[in-house]
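Encoded as structure tokens, the structure appears first; notes follow it.
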Amino acid sequence: MSPTPEERALEISQKYHGKIQVLPKVPIKGIDDFAALYTPGVAAVSKAIASNKDLSFELTYRWNVIAVVTDGTRVLGLGDIGPEAAMPVMEGKALLFKYLGGVDAVPLPIRTKDPDKIVETVKYLEPAFGGINLEDIESPKCFYVLEKLREIMEIPVWHDDQQGTAGATLAGLITALELTGRNPRDTRVLLFGAGAANIATARILNKFGIPYDNMIVTDSRGPLYRGRPDEEEMKVENPWKYELLKKTNKDNVSSTEKAFDGMDVVIAASKPGPGVIKPEWIKRMNKDPIVFALANPVPEIWPDEAKKAGAKIVATGRSDLPNQVNNSLIFPAVFRGALDVRAKTITDEMVIAAARELAAYVREKGASEDYIIPRMTEWEVYPRVAAAVGVTAVSQGVARIRKTFEELHESAKAMLERTRRTLASMEYI
């Protein structure tokens, strides 16, 4: 009997003592090389950077390295398991950054849960990295940390549970809307779950063109609506959720069941199912509804149940079902594009550009009800997304250097091909 993924994970981690390592990228053939690569030659590089700190992106590996930072408070479905236990997940994230984006990523679990100390620590690390990927930080703290770091840092800071999920969701939704003949301005969306993913998704959908008036957001207590008993408490404890309470649900719907009435789309990012979303709720939606049930490992409602209830298109977070909405389609390519133009930040418009490029790829390949978003193995899409992100950064004035789509596409494609060739030559020992 074949081992389970969990059994293989333990075996591989024990055998290799981790999943990543650091290797020199320049050849060392003799003692003279040390004189150039270290002292005394390296002083010339240091003096050049001292005169212009931006040269650190040209003369060191900073141009292609990011930190994957977590406090270990919301790791996968395991919750607050601490920084040491978060390390295997951060290693895995770093592996995906390299394999899918050619990005060098350093796992950095840190031993503090204090949001201001997280901000302070990451700010101190800025000279060492070209970007920061925040990972598995509990909500609502994750919003505060991201906002503060984006205010004070001159390199991209990104929270994948927010922006990555929102970008991947939008990519699939663009295709689904086209297949069902819907205009974003007229589309009504129920965001089922009010954690980091859906709060960010609501913002991205609005910037894409879906009005807040057309959205309802629910949490474990039901819809967010004006006059909810915990409104004042929410204003203090989670102002990001409170902002959605003020902007969405124009009819002040107060029951979860009625929140489905007349909806075109439900995007669920709540708790694992099955049975979290009931088939009879899907039946209350408009004709040919779109259902994204993204909880892992089990979606809020199984696709066959949703389809029997009338759903036209169903997406999940699972790789063994059609239409996997997967952050891995977003974060490696977004950072590839941001790093290649030395971007100072990652804007919502850059995320939307990534989603549009993913949807364009699917459109060209032939979109269908079971193919609304690329699969992780469709390698050619990653350089396209990276290029789209890079040119958007240039157009918005947040890039340090200017490159064309074609230049960015070719360089990203070459880097990914080199990375894949290198990793393909490795064998399990």
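The values are calculated or read from the model by the stated rules, or taken from the named source; none is laboratory data. The model shown is predicted, which means the values in this text are computed figures rather than measured ones. Every residue, glycine among them, receives a Cβ derived from its backbone with ideal geometry; neighbour counts consider all protein chains shown.
Structure above, values below:
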read-out	value
Pairs, first within 15 Å of PRO272 (Cβ to Cβ) in segment 75-88, second part of a loop (DSSP other than H, G, I, E, B) and among the polar types (S, T, N, Q), C-beta under 9 Å, six or more apart	LEU76/ASN296; GLY77/ASN296; GLY79/THR73
Some residue of segment 414-423 being surrounded by fewer than 18 Cβ atoms within 10 Å (Cβ to Cβ), in contact (Cβ under 8 Å) with a residue 24 or more places away in the chain and more than 22 Å from the chain's Cα centre (by Cα)	yes
Matching residues, segment 157-192, being farther than 16 Å from ILE352 by Cα and crowded, with 24+ Cβ neighbours inside 10 Å	VAL157, VAL189, LEU190, LEU191, PHE192
Index of the failed condition, VAL69 passing every other in (1) surrounded by fewer than 17 Cβ atoms within 10 Å (Cβ to Cβ); (2) in contact with a Ser or Thr (Cβ under 9 Å, 6 or more places away or on another chain); (3) modelled with pLDDT of 90 or more	(1)
Residue list for segment 310-340, filter: surrounded by 20 or more Cβ atoms within 10 Å (Cβ to Cβ), without any contact (Cβ under 8 Å) to a residue 40 or more places away in the chain and outside any strand (DSSP E or B)	ALA311, GLY317
Test: residue in segment 339-351 that is of a type in the set (Gly, Ala, Ser) and assigned by TED's automatic domain parsing to the domain that holds ILE372	yes
Some residue of segment 88-96 being under 22 Å from GLN21 (Cα atoms) and in a loop (DSSP other than H, G, I, E, B)	no
Inter-residue pairs, beta-carbon under 8 Å, first basic (Lys, Arg) and in segment 341-358, second assigned to a loop (DSSP other than H, G, I, E, B), 6+ apart	ARG342/GLY130; ARG342/ARG400; ARG342/ILE401; LYS344/GLU154; LYS344/ILE155; LYS344/PRO156; LYS344/VAL398; LYS344/ARG400
Any hit, segment 392-409, residues being within 21 Å of the chain's Cα centre (by Cα) and in contact (Cβ under 8 Å) with a residue 60 or more places away in the chain	yes
Residue in segment 98-105 that is crowded, with 23+ Cβ neighbours inside 10 Å, out of contact with any strand residue (DSSP E or B) (no Cβ under 7 Å at 6 or more places or on another chain), in contact (Cβ under 8 Å) with a residue 60 or more places away in the chain and small (Gly, Ala, Ser) present	yes
